[in-house]
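Working notes, beginning with the structure itself.
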Amino acid sequence: MVSLQSHSSIRITALDLRRSKTLCAVRCKDPSSNEEKGDEKKQRILIAGGGIGGLVLGLAAKNRGYGVKVFERDLSAVRGEGRHRGPIQLSSSALAVLQAIDENVAKQIVEAGCVTGDRINGLADGISGEWFTKFDLLTPALKRGLPITQTICRMELQNILVNSIGFDILTNNSKVVDFMQDSHKVIVILEDGRQYEGDILVGADGMWSEVRTKLFGQQEAKYSGYTCYSGITNFVPPYIDTVGYRVFIGFKQCFVASDVGNGKMQWYAFNNQPPMTTDPPGGMSLILCTTCKKQRLVELFGHWCGEVISLISKTREDMILRRDVYDRDMMDECWGIGRVTLLGDAAHPMQPNLGQGGCMAIEDCYQLIVEVDKAVKRGSDEIVTALRSYEKKRRFRVSTVHAASRMASKMLGSYQPYIQVGSVGVKRERGRQAFLTNV
Ligand SMILES: Cc1cc2nc3c(=O)[nH]c(=O)nc-3n(C[C@H](O)[C@H](O)[C@H](O)COP(=O)(O)OP(=O)(O)OC[C@H]3O[C@@H](n4cnc5c(N)ncnc54)[C@H](O)[C@@H]3O)c2cc1C
């Protein structure tokens, strides 16, 4: 990795002001017209990426009266049109942050999703279906006066955020390909040549962030060892009133099932495989599938408990997606340079087993906007310090959750159930093969 210092100086000296003729400055309120903030200069915040983090930050910035633009390369992907993107579990702390950012939006999210933290949540044995451990999500939330953990369909969540931000702030078909900065401003460059000027740029462009690559150079992502199938189905299982979110675990695979409200169940099936493996070609019985994910899932999970099998069988082939799961090592030092910083998966992509990546992105947004607010009060020259302060304040919490997510992935995948078979020994279920062992 090239040092921060050398990159920083390259970026700053690379600023070509002659190109500024084509700049579209972000519209922001005239600072003098802002009575609340007196003479303070309103910062112009540019955000690359309109996923969970980019949209929540855009909303926070808008609500505080900052000039803000969110550049999204493909809104149909954000909304999940023609596809779906699995359930998102929102923890109590992420929900509290959403409330602090926008009470009305938080209310819409609660209404569109469903509270799972007041039901049984936890880990169960994949083959027998028996509970292995249960998590108490309710007591800690009640104790601290926080909202209760809920899940929501990802596209519902993003739709609410998109509609709340509005299209004067969010621009579609706007892929960020580069940026330039000097000591006074940052300029974002889009794929079609458009340029925008602002005071800071936040790379919220996800796991494969262009902004991160421009800042720190190309870095290898780490394959988790798992591919992930996700599905959604209009199905209300008999246990709906008692169980919220359940992770069925087994050797080198697990299955996550969650109520997402409105008569829908969503699930993830993780299986240990080399990256970029493909599913077998579809059979004649399943129309419109070129590869047959459902068939593959039946092979992998067909010997698991009824709850898992019924969710797979109730899901249409075209409602099953698949992707390989990657994360990255945490960055040692700060995750920005000058007027540019990163947020969410762009800064700290983590494995999904704890359902915390999106929550961390939401928490990032709050810390970032708080630091910007403080800098504005101190004086506009403080904005770069604000970004470093945001990174510093988030690092410890995010690193802990990042490490715990990797650990959870290892733990879940190495689980092997032991089933007593008389006095001789135990039968160890290992994937689809069972064998006897003396202990
Ligand atoms: C299987 C699975 C299950 C998960 N479950 C949960 C869960 O239950 N709870 C939870 O909190 N988290 C969960 N996560 C993690 C969560 O999905 C991510 O952490 C979260 O989406 C990160 O948000 P983000 O805004 O940083 O990035 P993203 O949501 O990835 O958004 C990035 C956006 O930037 C856009 N973009 C990319 N490049 C550019 C560019 N150059 N210019 C402009 N736009 C660009 C993309 O189109 C995208 O819209 C899960 C992840 C996986 C894989």
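The values are calculated or read from the model by the stated rules, or taken from the named source; none is laboratory data. What you see is a predicted model; the values in this text were computed from it and never measured. Neighbour counts run over all protein chains shown; Cβ positions are idealised from the backbone, glycine included.
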**OP:** Can you work out which of the residues in region 358-386 that are more than 8 Å from the ligand (Cβ to nearest atom) and of a type in the set (V, I, T) is surrounded by the fewest Cβ atoms within 10 Å (Cβ to Cβ)?
**Re:** T385
Subject >> Qualifying residue in region 403-425 (condition: under 30 Å from I152 (Cα atoms), of a type in the set (D, E, K, R), away from the ligand (no atom under 16 Å from the Cβ) and modelled with pLDDT of 95 or more) >> reply: no
Original post:
Of all residues in region 332-357, which are outside any loop (DSSP other than H, G, I, E, B) and either outside the structural domain of T213 (by TED's automatic domain parsing) or crowded, with 22+ Cβ neighbours inside 10 Å (or both)?
Top reply: I337, V340, T341, L342, G344, D345, A346, P352, N353, G357
Original post:
Looking at region 44-61, which of its residues are more than 8 Å from the ligand (Cβ to nearest atom), under 17 Å from S209 (Cα atoms) and assigned to a helix (DSSP H, G or I)?
Top reply: L57
**OP:** Please name all residue pairs, on different chains or six or more residues apart, with Cβ atoms under 7 Å, provided the first residue is in region 316-332 and is at negative phi and of a type outside the set (F, W, Y) and the second residue is in a loop (DSSP other than H, G, I, E, B) and near the ligand (Cβ under 10 Å from one of its atoms).
**Re:** V325/Q351; D327/P349; D327/M350; D327/Q351; R328/P349; M330/H348
Subject >> Leading residue by the ranking (nearest to the ligand (Cβ to nearest atom)) among those in region 309-331 that are part of a loop (DSSP other than H, G, I, E, B) and either of a type outside the set (V, I, T) or not assigned by TED's automatic domain parsing to the domain that holds G263 (or both) >> reply: R328
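Under 14 Å from K314 (Cβ atoms) and touching a residue at least 60 places away in the same chain (Cβ under 8 Å): is that true of F251 in this structure?
No, not satisfied.
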Original post:
Can you name the number of the only condition in (1) surrounded by 20 or more Cβ atoms within 10 Å (Cβ to Cβ); (2) more than 13 Å from the ligand (Cβ to nearest atom); (3) under 23 Å from V202 (Cα atoms) that G166 fails?
Top reply: (1)
**OP:** Could you tell me which residue of region 169-197 is farthest from the ligand (Cβ to nearest atom), considering only residues that are part of a loop (DSSP other than H, G, I, E, B) and closer than 20 Å to V56 by Cβ?
**Re:** I169
